Amino acid sequence: MRRLLIAAAVLVAGSAAHADTLQTIKNTGVIKLGYHADAEPFSFTNPQGTPVGYSMDLCRQIAAAVQQELGLSDLKIELVKVDYKNRFDAVESGKVDIECGSATITLSRMERVDFSLMTFVTGGAVVSRADSPLQSVNDIAGKKVAVIKATTAEAALNAYVDRSEIKAEIVTVEDGTEGIRRLSDGDVDGFANDQVTLIGQIVKTRQPEKFALSRDLYSFEPYGLMMRRNDANFRLVANRALARLYRTGQFQPLYGKWFARVGIEPSPVLIAMYSLQAIPE
């Protein structure tokens, strides 16, 4: 029994040490931000190869808040590339301290990671070619539709198809770049993803007139920044930084920088999200 208690104590101590992100950052002088290569306009690499985007800017604000909280004269930001397949492992293992992408907050995901306050709200939509548009999500009946595997977009699309008793062929792709390419090549009739991300990917092609977006949505996707579970101190610093942005209106230039410039107006739900999460100190 004594050995079991000692082993349990060691495990708890180890878990607590692993979860203390702020202490690790203070010791190393480094914060590790996870970025995506093609999750426009949230997290992507620009033509110069630099990771940029709305979520990246939010994470840089959080990094500045961490530096101030720890009283560090300098804090190095280490950028670590992640993708849809390895992002959870990267957060859990400590490869990244925070994932700066477009992760949907779900209760099942909270079994593995924690999330910041919501950073965006969107929903699943379907993009098609303008010469054969799918004007409604229901128009995918009898069609072949691509979706990124191991994402909430895939799970929600499959659930929608089952619930609506729509017969459609759902195929998976690795990322948004492959989805848009297969749609452009005529390999699929539609590509399903979160609406705001689809718009970013369409704009990236520089030929938006060749695509059509469904008028309706098939899911609700609240985004947050992922971090390790059970690290309340680090999460509090992150949430303080976000709440301050929402409370003071400093998020508005960021929104204009990444969304308004491509014609994405804030929805009533998104406006409500910013207001409801402007938590006071």
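The values are calculated or read from the model by the stated rules, or taken from the named source; none is laboratory data. Quick caveat: nothing in here was measured; it's all calculated off a predicted structure. Every residue, glycine among them, receives a Cβ derived from its backbone with ideal geometry; neighbour counts consider all protein chains shown.
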Here are the criteria: (1) out of contact with any Gly (no Cβ under 7 Å at 6 or more places or on another chain); (2) aliphatic (A, V, I, L, M); (3) within 20 Å of Ser108 (Cβ to Cβ). Tell me which single one Val196 does not satisfy.
(3)
Every residue from region 50-70 that is among the small types (Gly, Ala, Ser), assigned to a helix (DSSP H, G or I) and under 18 Å from Val80 (Cβ atoms):
Ser55, Ala63
Conditions first: (1) without any contact (Cβ under 8 Å) to a residue 12 or more places away in the chain; (2) out of contact with any Asp or Glu (no Cβ under 9 Å at 6 or more places or on another chain); (3) not aromatic (Phe, Trp, Tyr). Glu209 passes all but one, so which condition is the exception?
(1)
Residue set Val126, Val113, Val145, Val137; condition within 21 Å of the chain's Cα centre (by Cα) and farther than 30 Å from Thr21 by Cα; output residue Val126
Of the numbered conditions (1) surrounded by fewer than 20 Cβ atoms within 10 Å (Cβ to Cβ); (2) modelled with pLDDT of 95 or more; (3) not in a helix (DSSP H, G or I), Pro47 satisfies every one except a single condition; which is it?
(2)
Give me the residue from region 159-170 that is farther than 10 Å from Tyr218 by Cβ and of a type outside the set (A, V, I, L, M) and, out of that set, surrounded by the fewest Cβ atoms within 10 Å (Cβ to Cβ).
Glu165
When region 28-83 is checked residue by residue, the ones that are without any contact (Cβ under 8 Å) to a residue 60 or more places away in the chain and either under 20 Å from Tyr246 (Cβ atoms) or not assigned by TED's automatic domain parsing to the domain that holds Leu245 (or both) are Ser43, Met56, Arg60, Ala63, Gln68
